[in-house]
Structure formats: structure tokens, C-alpha cells
Amino acid sequence: MADSVRELAGAFKRFLAAQEEDEFLTTAAPVRAAVSTPAPAAPAPSTTGELPPMAADSTLDISFVHQHEPTAPTETSTMNKADKTRALAELAQTIASCTRCPLGATRLIAVPGEGNVNADVMFVGEGPGFDEDRQGRPFVGRAGQLLDKMILAMGLTREKVFIANIAKCHPMTDPLHPEKHGNDRAPNAQEIACCRKYIEQQIAIVCPKYVVALGGVAAKALISDAKSLGALRGQFHTLHLDSVELPKPVQIIATFHPAALLRNPNWKKDAWIDLQMVMDKLGLKGARK
Ligand code: SF4
């Protein structure tokens, strides 16, 4: 007993004396091991492709933003089509009853996302609007019709891609009157922090070759909090997720949100340049040579 107390005191002294980061790391570890209580056992990794259950908290989890600390393993690397379909369906069920942020209290229907589980391209917007809130499907309003045209222009179809949003429930400027048109807004930082775990799991499950972030909110949430859409556009970025590890590297490119293109048709030319970059990579017909 006396020996272990002396050992602990010595380790603690070395811990306090450590100045350099490397030395801190090597000395802090045994101190933490000596003074901490055993952590609860982590859930066993799934061998069936099932997702580990999400924490059943209803509080805001702001600290979730860009922690880059992958959590419990989501076994996405060995998923076949059936595994992916099952995992996405289970995630959609979780989202349907989610109340992790205040949007859960005002939405009509949650909008998890939909599409081809083996898609090469995944489009990610910011959040559902009026029409999506009523149908439970992403991009089905006017902006969605334009997105359909953009997808067709790429030589793809809606059935070949996966479409989702960062926030799964309709953010409203006036949540007391969900029947009003023109009541849409972008999700705020707290709502994104609460919800991003879902889009990250969807990306990890589908594991597309390319993610196209539609609009500044999605681009900043998935690529960088700091830069504007203008600074992020026109180049591929390597996607890093906070809550799950990707089975293989995924590239992400940012472009304008279709709703912004409806308001500013002059931007369509630049959006098309962005999409052509993806087409080039995938060898799609019509891609710029
Ligand atoms: S927006 Fe996301 S985190 Fe908030 S209630 Fe809906 S599903 Fe849950």
C-alpha cells in the first residue's frame, strides 16, 4: 500500500514537472491510469453493420462541433448493400423520433435523406424547407426541382445519387406558424452541432466518392467553419468527420445551393463549373475535357 502511494506521488511529481508536450503525454498517462476509475466498457463493435445506439440525451451538444475525436466504431468498411440499407433505415427511424434540439418540437416530419446506398455522389444541403417538412423527403420543392435538373445535367439521376441535409428537421423563422410560406431559415450553430452526427453517419455508411455541399451552411459545417463559400468553392477538399471514421477517403466540393441559384441565376455558370469538376473525376459524359 505504502509502495503504491509512493509510486503515485512520484508519478504525480513527474507529471507536474513535465514541460514539453511529449513529456506531458508520456507522464500524464500513468498518472491518469493510477488515479482514474475504470471507464465503462465500450459497446462491442457491430459485426452486422448495425449502428451503435446514439446517446439518449436531449441537451444541446455544442462541443460536438469539429472535435475530431472519432467515437464508437461504426463498422462501415465491410458493409454490403443490405447492411447499408438496414443501417440507413435504422438511422432514419432514430431521426424520426429525435428531439435532441428544439427543431424536433416544431417539425411536421423529419427528413433523414434518401437515395442510392451505393451512390458515387452525395448532395448535402442545409435543412428541409416547407415542402420537405410535409413530405419527409429532401429537396422536393422548387429548389429540389432545380437540383434534379443539375443532377440530370451531370448525366446522373436522382435514383443514382444520395441526397440529404445537415439538419434533419425544418428550421423556421416563426415556429409558431408552420403553415406560413417563406418561413424557412438556415439551421443555427447549436442545431447543426446537435444534428451533424446523423449526416456524418450517413456519409460513412454510403461512403460516396464525392460529396457536393450545397450552399455555405453545408460547406462550412462539413469543410471549415472559418471560410466563406467563395473561398471553399472550385476545389476538392478531403472530408474529415468528427464522430465516425470513413472506410475510405472521401472528397468534398462546395457549390451554390439551388435556392440561391433560383434567386441569382447568374451564379448557375459557376455552379456548373463545380459540378463539371465532379463529372470529370467520374468520367461522366459531358464532363469538361
Ligand atoms: S434537427 Fe436533428 S438534432 Fe434536431 S431534432 Fe431534428 S433530427 Fe434531432
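A short reminder: the numbers here are calculations on the coordinates, not readings from a lab. Because the structure is predicted, anything quoted here is derived from the model rather than measured. No Cβ is skipped: glycine too gets one built from the backbone with ideal geometry, and neighbour counts run over all protein chains shown.
For this structure, a couple of remarks:
- The lysines within cross-link reach of LYS84, meaning a Cα-to-Cα straight distance under 20 Å and a gap of 8 or more places when in the same chain, are LYS160, LYS168, LYS197, LYS209, LYS248.
- Potential lengthening between SER228 and LYS81 on full extension [0.36 nm per residue; Cα-Cα distance subtracted]: 49.3 nm
- Placing pseudo-labels 7 Å out from each Cα toward the beta carbon at LYS160 and ALA105 gives an inter-label distance of 4.5 nm.
- Extension gain from THR238 to ASP270, taking 0.36 nm per residue of separation minus the Cα-Cα distance: 9.4 nm
- Take the Cα of GLU179, step 7 Å toward its Cβ, do the same at GLN93, and the gap between the two points is 3.4 nm.
- Shown is the FRET efficiency for LYS149 and LYS248, computed with R0 = 35 Å from the Cβ-Cβ distance and rounded to the nearest 0.05: 0.70.
- Prolate/oblate/rounded label for the range 62-282 (Cα gyration tensor, a/c 1.5): rounded
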